[in-house]
Amino acid sequence: MDFRNLDATAVNVISVYPKVLDILNGKIPPPEVAEFFLTNYCSFKCLHCRCAGTHEGKNSFIDFNLYKSILNELAEIGCNKIEFGGGGEPLEHPRITEILQYIKEKNMRCGLITNGYALINDNELAEAIAETADWVRISLDAVSNESYRKIHGCCDLSYNSLKSSLKSFVQTAKKNNNSINKTRLGIKLIIQQINKNELEQVLDETLEIGADYLQFKWLENHPSAIPVDERKRISELLCEIKFRAGETIPIDFLAGYGGENEQNADKPCILSVLHPLIDWDGKVYICAFFQHRKDRHCIGDLSVKSFDEIWNSPEHKLRREKVNTHECVTNCPIKRYNPVIDFINREAYRFHYI
């Protein structure tokens, strides 16, 4: 296989190959990373949001004491990487700064998927993120005030204010001179009708912000998606943008979740066991793409049972075995690495030899 067609996750998967082999042998090892949906609330009304149907009010935030208890348990089993996504917007949690500070207290690290808007005029939050996050990916989606407001569904938003705050955040992150623990900032743009004429500007804006990488992702199966007959032209434009970027910044092109790629439909999901989802109400799910099958993908409630009881329960194993892969997200980012798993299964016998 050509690993150049994959991103750094391929290396991450190989680095935990003993756990991958355990999974292939029917075992359930401790997770490598635990993803939290800290809330189901978001003040944005994004046109393309895949979670919009599950958004709730301002009471749908994880209890802070429950969160600390969960982190304590995860630390005990050696899971010291946390990802914050949504669901809702994680930075909307009223105690988000304390949530991040507890990551630091536990000597853990985190990744953060966010619209970033809460960073505007909040230096304390910026400091907390810079001290704890290995990476922050900003769901930007536009580089003008007009498009930014349309895509995110709010008429009072300011792209210019967010851009200024992101530039300041990059400077805050640079204060940490440790090259390993420096927070990397990524910009992500969902390609759609509203922003298709801004694509050439995105690279310049990303470089001006000082971000470390840029991602383009197609919007799929949506009224705002780019029509098929326009995609060739836009794909050529994206290649030109990547060529222009040269070695100044990595640029990734990602398939949309709802594409037509069915090549993995019949294959079992392997890696999700290394990346469970903990929702704001304490429920634990097999993966982050559970919304349309919540009852079948929930393996327990952390407000009732400990993580260890849930993780090592017969119910967990049974529910994993019964996952209908034909109901999964077509271009699931986890199943994308099935070729890496095949590689591990075939070549692991010589992994110890340099």
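The values are calculated or read from the model by the stated rules, or taken from the named source; none is laboratory data. Owing to the predicted nature of the structure, the values given are computational and were not obtained by experimental measurement. Methodologically, a virtual Cβ is constructed for each residue, glycine included, from the backbone with ideal geometry; neighbour enumeration extends over all protein chains shown. Keep in mind that these areas ignore ligands, DNA and RNA; they rest on the heavy atoms of the full protein, side chains included. Shrake-Rupley method; radii C 1.70, N 1.55, O 1.52, S 1.80 Å.
The residues of region 48-69 that are touching a helix residue (DSSP H, G or I) at 6+ places or on another chain (Cβ under 8 Å) and farther than 22 Å from Q291 by Cα, listed by number, are F64, K68. Of the residues examined, K294 is not one that is surrounded by fewer than 21 Cβ atoms within 10 Å (Cβ to Cβ), at pLDDT 85 or above, out of contact with any Gly (no Cβ under 6 Å at 6 or more places or on another chain) and over 14 Å from K322 (Cα atoms). For region 99-112, check the following and say yes or no: at least one residue is under 29 Å from K317 (Cα atoms), among the small types (G, A, S) and either open to solvent by less than 50 Å² (accessible area, probe 1.4 Å) or touching a residue at least 24 places away in the same chain (Cβ under 8 Å) (or both). Checked region 99-112: at least one residue is under 29 Å from K317 (Cα atoms), among the small types (G, A, S) and either open to solvent by less than 50 Å² (accessible area, probe 1.4 Å) or touching a residue at least 24 places away in the same chain (Cβ under 8 Å) (or both).
In contact with a Leu (Cβ under 8 Å, 6 or more places away or on another chain) and either of a type in the set (A, V, I, L, M, F, W, C) or surrounded by fewer than 19 Cβ atoms within 10 Å (Cβ to Cβ) (or both): which single residue out of S313, S303 fits that description? Unique residue meeting the criteria: S303. Return yes or no: is K182 without any contact (Cβ under 8 Å) to a residue 24 or more places away in the chain, open to solvent by 10 Å² or more (accessible area, probe 1.4 Å) and either within 23 Å of E240 (Cβ to Cβ) or touching a Lys or Arg at 6+ places or on another chain (Cβ under 9 Å) (or both)? Against the criterion (without any contact (Cβ under 8 Å) to a residue 24 or more places away in the chain, open to solvent by 10 Å² or more (accessible area, probe 1.4 Å) and either within 23 Å of E240 (Cβ to Cβ) or touching a Lys or Arg at 6+ places or on another chain (Cβ under 9 Å) (or both)), K182 qualifies.
Answer yes or no as to whether E327 is free of Cβ contacts under 8 Å to residues at least 12 places away in the same chain and either in contact with a strand residue (DSSP E or B) (Cβ under 6 Å, 6 or more places away or on another chain) or surrounded by fewer than 17 Cβ atoms within 10 Å (Cβ to Cβ) (or both). Judged against the criteria, E327 is not a match. Which of the residues that make up region 62-84 are of a type in the set (A, V, I, L, M, F, W, C), under 15 Å from S303 (Cα atoms) and either in contact with an Asp or Glu (Cβ under 8 Å, 6 or more places away or on another chain) or part of a loop (DSSP other than H, G, I, E, B) (or both)? Of everything in region 62-84, those that are of a type in the set (A, V, I, L, M, F, W, C), under 15 Å from S303 (Cα atoms) and either in contact with an Asp or Glu (Cβ under 8 Å, 6 or more places away or on another chain) or part of a loop (DSSP other than H, G, I, E, B) (or both) turn out to be I62, F64. Can I286 be described as at pLDDT 90 or above and either among the charged types (D, E, K, R) or open to solvent by less than 10 Å² (accessible area, probe 1.4 Å) (or both)? So I286 fails the test. The residues of region 287-319 that are more than 27 Å from D63 (Cβ to Cβ) and either in contact with a helix residue (DSSP H, G or I) (Cβ under 7 Å, 6 or more places away or on another chain) or aliphatic (A, V, I, L, M) (or both) amount to a single one, L318. Exactly one residue out of H222, H275 is open to solvent by 20 Å² or more (accessible area, probe 1.4 Å), within 29 Å of D204 (Cβ to Cβ) and in contact (Cβ under 8 Å) with a residue 60 or more places away in the chain, and it is H222. From the list K335, K242, the lone residue that is within 23 Å of Y213 (Cβ to Cβ) and crowded, with 18+ Cβ neighbours inside 10 Å is K335. All told, E200 meets the bar of being over 22 Å from the mean Cα position of the chain (by Cα), over 22 Å from C46 (Cβ atoms) and touching a residue at least 40 places away in the same chain (Cβ under 8 Å).
Within region 85-98, the set of residues being open to solvent by less than 40 Å² (accessible area, probe 1.4 Å), assigned to a helix (DSSP H, G or I) and more than 17 Å from I187 (Cβ to Cβ) comprises P90, I96, T97.
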